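The values are calculated or read from the model by the stated rules, or taken from the named source; none is laboratory data. Every value quoted in this text rests on a predicted model; they were computed, and no experiment measured them. Virtual Cβ from ideal backbone geometry, glycine too; neighbours counted across all protein chains shown.
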Amino acid sequence: MAMSGAMGSVECDGMYSKLINKEEEDTLYDEKNHKRESSDVQVPVPSAGAAPSSHLYRLATGCLGLLCVVFLISIVVLCAHYKNLLFGVSEEHDMISQNYSSAQSTMERLSFNVSALSDAISKLQKEKADLEKDRERLQKRVKDLEEEQVKPKICQPEWIQFNTSCYFISSTSKSWDESQGYCAERGGHLAIIDTPEEQTFLWNQLVRGHWNAYWFGISDEKAEGDWFWVDGTKLVGGFWMDGEPNNHIDEDCGYMVKTRNPGILALGSCTLEPTSNPIPEAQITAKSRHNCAPYKMATVCLGLLCASLVLAIITLCVYLEAPTRCPQGFVPFLSQCYYFSTVKKNWTDSQEDCKARGADLVIIETKEEQVFIHNHWGGELYWIGLTDSATEGTWLWVDGSQPNVWYWKDGEPNSYNGREENCIHGYSYPDPLKSWNDIDCRVSFYWVCEAKPH
């Protein structure tokens with residue numbers, strides 16, 4: 001009921017508000033305010049259901065705002081710390097990956113170096129073994145000659161002695177192989193002529209005439225142009241006719257013709273038979289021979305052989321044991337040092353960087369060098385020291401020399417779409433021997449420097 005009365009009072013106030021002038025309204029408000037102040041003085045303590053004062057709200061709002069700011073700052077700090085931590089972990093991971101890649105690349109290079117050294121050692125060992133065999137053969141020959149010198153030489157009937165050798169001059173004609181077999185059956189071989197004296201002696205025993213030909217123990221049947229005596233020694237010099245040897249109609253065997261000049265030998269087909277050629281031929285057979293010349297030759301050969309062995313051993317030791325000292329940051333490979341960049345530049349700036357390091361952009365001269373550089377880069381592109389900037393189409397290394405080997409990618413070089421592609425970079429294609437490409441020198445790639453060790 002009280003609420004209804006109050007509402008009625010408000011409604012009445014609203015209805016008659018227009019009938020009250022301004023002065024009356026001011027007086028009325030003053031009276032109301034006075035009454036309200038009196039009421040506040042009389043009842044200072046609010047009732048239990050009254051709303052709290054506004055300053056408590058302001059205090060709570062300030063505290064909550066401050067707490068939110070603290071939370072926000074904490075979140076920002078935590079995010080920054082987490083980001084730094086994550087960046088550090090990522091950087092450490094990248095460093096570990098880079099170190100792993102570098103170690104793997106180094107291991108591959110070392111494996112390749114070991115393989116190359118093993119091949120070189122095997123080659124030198126084979127050469128050494130061959131030289132030792134030659135030395136043993138020469139030593140055996142010297143020993144045989146010494147034994148022959150000690151034994152007195154008594155020639156059989158129909159054999160002619162000269163110095164310490166015995167010779168048989170046949171009166172029938174046979175092919176070269178048949179003649180050698182005939183001599184072997186009698187304990188000898190076709191004559192081996194070592195000296196002008198021996199040549200003159202045999203020449204004097206022959207019948208004069210252009211068609212009187214006599215086989216002697218020389219042939220190049222095993223390898224065309226390589227003339228060997230029947231005992232396996234190689235011909236040095238000789239007493240050839242003018243224009244001989246010429247391999248006319250497959251001429252692989254040597255014969256002697258008695259003309260005005262005793263120092264003349266000629267060639268003939270090893271298969272000539274009396275039935276196919278009416279030229280009467282004879283065979284000269286030496287059962288044994290000895291003079292000072294073989295000793296001199298054997299001594300010279302042994303000396304050269306020993307010198308070759310010593311040189312091979314010294315070369316191998318120097319090659320295997322000599323330290324290779326490369327500039328800082330360079331990687332040794334075989335007899336050179338290489339620097340692999342970690343940033344990208346154009347071709348000209350790359351060459352300037354190499355110059356500053358006392359090097360040049362790499363000059364690739366061997367297949368092993370090309371494979372080594374190609375395997376280092378993985379999937380990256382890299383500059384090498386090859387350009388045709390001076391003259392289009394004339395490719396030169398940075399030292400002015402021309403390449404002796406090429407490793408172009410299929411279809412290269414092509415100056416693609418008419419562009420000025422005057423510098424060469426390497427692709428990391430699966431085939432390292434097909435990885436060169438021409439391109440604009442202003443493009444930025446990694447690069448490889450090459451320098452000699454200290």
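For the reader, a short list of remarks on this structure follows.
- Counting the residues of the range 232-254 that are surrounded by 11 or more Cβ atoms within 10 Å (Cβ to Cβ) and either at pLDDT 80 or above or in a strand (DSSP E or B) (or both) gives 5.
- Taken over the range 382-435, the criterion of being of a type outside the set (Phe, Trp, Tyr), surrounded by 13 or more Cβ atoms within 10 Å (Cβ to Cβ) and under 18 Å from GLU450 (Cα atoms) is satisfied by ILE384, GLY385, LEU386, THR387, LEU396, VAL398, PRO403, CYS423, ILE424, HIS425, GLY426.
Condition check ((1) closer than 21 Å to GLY232 by Cβ; (2) touching a strand residue (DSSP E or B) at 6+ places or on another chain (Cβ under 9 Å)) across all residues:
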{"site": "ASN163", "(1), (2)": "no, no"}
{"site": "TYR167", "(1), (2)": "yes, yes"}
{"site": "TRP176", "(1), (2)": "yes, yes"}
{"site": "GLN180", "(1), (2)": "yes, yes"}
{"site": "THR195", "(1), (2)": "yes, no"}
{"site": "GLU198", "(1), (2)": "yes, yes"}
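- Within the range 170-195, being of a type in the set (Val, Ile, Thr) and either at pLDDT 85 or above or within 56 Å of the chain's Cα centre (by Cα) (or both) holds for ILE192, ILE193, THR195.
- Inspection of the range 375-383 identifies at least one residue that is of a type outside the set (Phe, Trp, Tyr) and outside any loop (DSSP other than H, G, I, E, B).
- Flag if PHE71 is aromatic (Phe, Trp, Tyr), at pLDDT 75 or above and within 30 Å of GLU380 (Cβ to Cβ): no
- Given (1) within 19 Å of ALA298 (Cβ to Cβ); (2) at pLDDT 85 or above; (3) outside any helix (DSSP H, G or I), number of the condition ARG135 does not satisfy: (3)
- Residue within the range 437-451 that is surrounded by 20 or more Cβ atoms within 10 Å (Cβ to Cβ), modelled with pLDDT of 90 or more, among the aromatic types (Phe, Trp, Tyr) and out of contact with any helix residue (DSSP H, G or I) (no Cβ under 8 Å at 6 or more places or on another chain) present: no
- Those residues of the range 384-394 which are at pLDDT 95 or above and part of a loop (DSSP other than H, G, I, E, B), in sequence order: none
- So TYR167, is it more than 52 Å from the chain's Cα centre (by Cα), at pLDDT 85 or above and farther than 30 Å from VAL300 by Cβ: no
- Check on ASP349, more than 24 Å from SER102 (Cα to Cα), charged (D, E, K, R) and either modelled with pLDDT of 95 or more or surrounded by 15 or more Cβ atoms within 10 Å (Cβ to Cβ) (or both): yes
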